[in-house]
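Below: one structure, written as structure tokens.
Rule-based calculations on the coordinates, nothing more; no lab input. Because the structure is a prediction, the values reported are computed rather than measured. Backbone-built Cβ (ideal geometry, glycine too); neighbour counts: all protein chains shown.
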Ligand code: 5GP
Ligand code: ZN
């Protein structure tokens, strides 16, 4: 294991060393609620393969990401939403393990937000 992986907060979540509110898990994908949500239901969908930027992740480790994001969006009932993925500190990436934000727009969710 590389030292980057050992210190990676999302790798620790994958290993169960840090708790999370888990929404979906498979062999290569994990989805959980963002600890500091921009809206109700803000989730992160991540490949279990550790890599800092999108181009570092093998295609097969990305194959479930968008299908899972679609399921989560449907579960929130959101009509409008953002899928965001930041690469590099200059692009607002804080956690150096590839993650896709799924951010429902609260103004379109009946009774939520
Ligand atoms: P970035 O700016 O890197 O694209 O976004 C990182 C996201 O990870 C932020 O929205 C932040 O709230 C979330 N985050 C950071 N640490 C943790 C954590 O320990 N648990 C969870 N669930 N989310 C985290
Ligand atoms: Zn990691």
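Worth a mention:
- Selection count where residues are closer than 18 Å to residue 101 by Cα and in contact with a helix residue (DSSP H, G or I) (Cβ under 7 Å, 6 or more places away or on another chain), scope region 1-12: 1
- For region 11-113, the strands (runs of 3 or more DSSP E) that sit wholly inside it and include 1 or more residues that are surrounded by fewer than 18 Cβ atoms within 10 Å (Cβ to Cβ) and in contact with a strand residue (DSSP E or B) (Cβ under 9 Å, 6 or more places away or on another chain) are 22-25, 29-33, 81-84.
- For region 1-10, residues that are touching a residue at least 40 places away in the same chain (Cβ under 8 Å) and assigned to a loop (DSSP other than H, G, I, E, B) total 2.
- Within region 13-22, restricting attention to residues that are near ligand 1 (Cβ under 8 Å from one of its atoms) and out of contact with any helix residue (DSSP H, G or I) (no Cβ under 9 Å at 6 or more places or on another chain), the residue that is nearest to residue 42 (Cα to Cα) is 21.
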